[in-house]
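These notes concern the structure reproduced below.
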Amino acid sequence: MEKPQYLVARLRRALAEDPRTAELGVQVTIRGEVVVLDGEVTSDQRKQQMEAVIREQLPGVVIHNDVRVSVPTAPTGTEHLSTHEGS
């Protein structure tokens, strides 16, 4: 394996540039011979696609995909804004 800092940079770039993922908010770290993904995405499909991109870059590598799926929800109430007139 190449030096960890170069490998991390290459994998982050692959995740950012691949149209399936286009992901900048996920952390990539190397622990020994294991690639660890951590962060949040909006769907399980995106999580799996990230793993696929890493496997294409490093076939046969062990991946710990700790990415969490967080589905954004619309607010349920209304927000009341007040105007403050300056004196």
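Annotations
- The set of residues in region 27-70 being under 15 Å from LEU7 (Cβ atoms) and β-branched (Val, Ile, Thr) consists of VAL28, THR29, ILE30, VAL34, VAL35, VAL36, VAL53, ILE54, VAL61, VAL62, ILE63.
One line per residue, one yes/no per condition, for (1) of a type in the set (Asp, Glu); (2) under 18 Å from ARG10 (Cβ atoms); (3) touching a residue at least 60 places away in the same chain (Cβ under 8 Å):
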residue	(1), (2), (3)
GLN48	no, no, no
VAL53	no, yes, no
GLU56	yes, yes, no
PRO59	no, yes, no
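- Here HIS80 clears all of (1) touching a strand residue (DSSP E or B) at 6+ places or on another chain (Cβ under 8 Å); (2) open to solvent by 100 Å² or more (accessible area, probe 1.4 Å) except the condition numbered (1).
- Considering residues of region 4-39 that are of a type in the set (S, T, N, Q) and closer than 19 Å to SER70 by Cβ only, the residue surrounded by the fewest Cβ atoms within 10 Å (Cβ to Cβ): GLN27
The values are calculated or read from the model by the stated rules, or taken from the named source; none is laboratory data. Owing to the predicted nature of the structure, the values given are computational and were not obtained by experimental measurement. Because the Cβ atoms are built from the backbone with ideal geometry, glycine has one as well, and the counts that use them run over all protein chains shown. Calculation scope for accessible area: heavy atoms of the full protein, side chains included, ligands and nucleic acids excluded. Shrake-Rupley method; radii C 1.70, N 1.55, O 1.52, S 1.80 Å.
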